[in-house]
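Right, one structure below, let's go through it.
The values are calculated or read from the model by the stated rules, or taken from the named source; none is laboratory data. As the structure is a computational prediction, the values presented were derived from the model and not from experiment. Please note: Cβ atoms are built from the backbone with ideal geometry, for glycine as well, and neighbour counts cover all protein chains shown.
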Amino acid sequence: MLTAACTCVPQAIAQEVPKKTIVEMTEDEQVNLVREMQRTVDNAIIGAHFFSEDPLPIHVEVSVDPMTNLVLLNVDERLGPDALTSEFNDFAAHLSSALWGPMERIDGVTGIDFRFGGFDADHWPINRRPEASERSQRRRRNVDRKPLVVVSPGHGLYFHHKYKDWRAQRESANGILEDDITPVLSGHLLWELQRDNAEVKTLRYHGDRFSHKPSGESWWRLAARYHLERSDPELRDVWQSQGKDNSLKERNEDIRSRPLFANHMKADALIHIHTNADTSSEVNGLRTYIHGRPADHELASKILCSARELIRTDDDFKDFSVSSVPHVASWHAENKLARMPSVIVEVGFHTNPKDAEFLKKRDFQVLAMRGVAKGYRLYRNKLPCEEFAINPTEQVEGQINRDTQMPFSFKGNPRFPVRVWSTRLDCSGIGCQEHEYELSRQEDIGRLRIRYMCRSIQSSRVPNDEGAVIELQVKARESDRVYAKPALYRVACPKKNQSQAGRR
Ligand SMILES: [Zn+2]
């Protein structure tokens with residue numbers, strides 16, 4: 001039984017044939033794809049045991065849905081009530097990992113949706129998203145209030161009712177126990193979101209060093225469910241929502257407590273921080289998983305784009321893989337039960353030695369979480385995720401011994417202050433007219449002028465500019481350490497007598 005898998009997707013496989021969405025495939029192509037996936041699934045589950053209290057064999061029937069571009073897995077109806085449990089989560093992640101090879105042939109955003117004897121998970125009341133609670137403590141939103149983001153550090157210790165002990169939800173690999181590293185990562189995210197003027201509530205805080213008596217462990221190691229039981233004892237329907245009384249009851253309650261609490265708080269977004277696992281140590285990179293609603297998709301896409309940008313600002317991490325599209329996965333209670341945009345960020349694979357090494361580095365943690373926070377900032381401000389780049393300008397006519405001033409602009413969404421500097425390209429030495437500027441806020445951009453003065457003097461270090469087109473390289477760096485793609489500015493310097501003639 002695969003216990004370590006959280007949610008896993010193998011690396012991209014080289015493709016020769018152009019990809020098609022399911023609806024674009026011919027009937028034969030669809031049939032072949034389904035047949036291959038069916039074989040893969042059958043091999044993945046044969047002889048394996050996934051549910052501690054259900055020894056019966058599991059049947060999975062694969063099909064594809066051209067309408068949603070998703071792969072549908074229809075499993076036995078008896079598993080319906082377990083659709084959002086931790087064991088089903090592991091089972092689904094195992095199939096998802098196995099299927100990702102053939103699924104890579106499908107173009108566009110894709111993922112897996114489950115049916116249970118043909119029924120949607122919502123057929124069972126336990127899987128339905130509860131109506132909004134009337135008891136929310138949160139006052140009605142006013143226009144100026146800060147957005148509230150609930151940060152949910154994955155897993156944590158829970159009480160196992162069969163073994164009567166406190167245990168982690170994941171197994172450690174490469175020196176990382178996912179349960180323990182998620183509060184550390186989330187601590188950085190909390191800080192970055194606050195820096196962006198968001199109100200943040202984290203469900204586990206790694207600075208929480210008080211002792212939890214029943215387990216004898218520090219509070220920060222405990223699953224979110226226990227933190228909520230302590231802080232909000234009256235919210236029993238949040239931290240004790242799992243009806244079924246089995247040995248994994250509290251672990252399942254933990255998963256559900258996160259979106260249910262965010263719903264109670266009427267949060268504006270819910271971000272879950274996890275690290276990923278796969279049976280193969282080759283699989284790597286940062287991924288996001290969503291239930292598939294449009295707002296989830298928008299938030300997840302901006303998180304991926306910004307995380308890629310920020311992580312790669314450090315040369316040590318410039319080859320770190322970040323997936324290009326969010327993955328749709330219907331089995332995560334953490335997303336499904338949330339009433340607001342909800343995204344699971346799998347920061348890297350702790351089962352991959354290189355990813356694990358990065359995950360332990362503070363610099364990597366900060367950059368990855370800064371990227372997640374920036375993704376939320378873009379989502380919240382309805383800004384596109386675009387490359388930070390200086391816009392080119394037309395060549396301008398200069399005048400000898402007079403300052404030429406050129407307007408400046410860029411695209412992208414940098415964090416201010418932004419440092420801008422211009423350097424003459426063919427000059428090395430003193431007198432090259434290197435200028436430096438600082439933009440402390442967005443409004444400063446329109447006022448900035450890049451300056452250059454055409455010279456009529458010649459020295460051993462600086463050539464005479466008369467009659468030459470001078471090229472300036474204009475660069476910028478924002479306070480998150482992202483460098484802009486530079487641009488060349490050109491100044492045509494006149495001959496001295498031309499310039500004087502022009503002035504008469
Ligand atoms: Zn996880």
First in region 23-38 and assigned by TED's automatic domain parsing to the domain that holds P102, second anywhere and part of a helix (DSSP H, G or I), Cβ under 6 Å, 6 or more apart:
E36/P102; M37/L99; M37/P102
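Matching residues to (1) assigned by TED's automatic domain parsing to the domain that holds S280; (2) surrounded by fewer than 18 Cβ atoms within 10 Å (Cβ to Cβ); (3) of a type in the set (S, T, Y); (4) not in a helix (DSSP H, G or I):
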| site | (1), (2), (3), (4) |
| --- | --- |
| D179 | yes, no, no, no |
| T182 | yes, no, yes, no |
| G187 | yes, no, no, no |
| G207 | yes, yes, no, yes |
Within the set of pairs 6 or more residues apart or between chains, which connect a residue that is without any contact (Cβ under 8 Å) to a residue 60 or more places away in the chain inside region 163-192 to a residue that is away from the ligand (no atom under 16 Å from the Cβ) and of a type in the set (A, V, I, L, M) with Cβ atoms less than 7 Å apart?
L190/V200
I'd like the full set of residues that are in contact with a strand residue (DSSP E or B) (Cβ under 6 Å, 6 or more places away or on another chain) and loosely packed, with under 12 Cβ neighbours inside 10 Å, limited to region 426-452.
E436
Filter region 327-351 down to the residues that are in contact with a Ser or Thr (Cβ under 9 Å, 6 or more places away or on another chain) and farther than 21 Å from D120 by Cβ, then identify the one that is nearest to the ligand (Cβ to nearest atom).
E346
Select from region 321-334 the residues that are in contact (Cβ under 8 Å) with a residue 40 or more places away in the chain and within 14 Å of the chain's Cα centre (by Cα) and write down the one among them that is surrounded by the fewest Cβ atoms within 10 Å (Cβ to Cβ).
V325
Return yes or no: is S409 touching a residue at least 12 places away in the same chain (Cβ under 8 Å) and more than 15 Å from the chain's Cα centre (by Cα)?
yes
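Being more than 24 Å from A173 (Cα to Cα), assigned by TED's automatic domain parsing to the domain that holds A468 and not in a strand (DSSP E or B): is that true of R415 here?
Values: more than 24 Å from A173 (Cα to Cα): yes; assigned by TED's automatic domain parsing to the domain that holds A468: yes; not in a strand (DSSP E or B): yes.
Yes.
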Find all pairs meeting these conditions: Cβ atoms under 6 angstrom apart; at least six residues apart or on different chains; first residue within region 342-361 and more than 18 Å from Y379 (Cβ to Cβ); second residue within 11 Å of the ligand (Cβ to nearest atom) and of a type in the set (A, V, I, L, M).
T351/A277
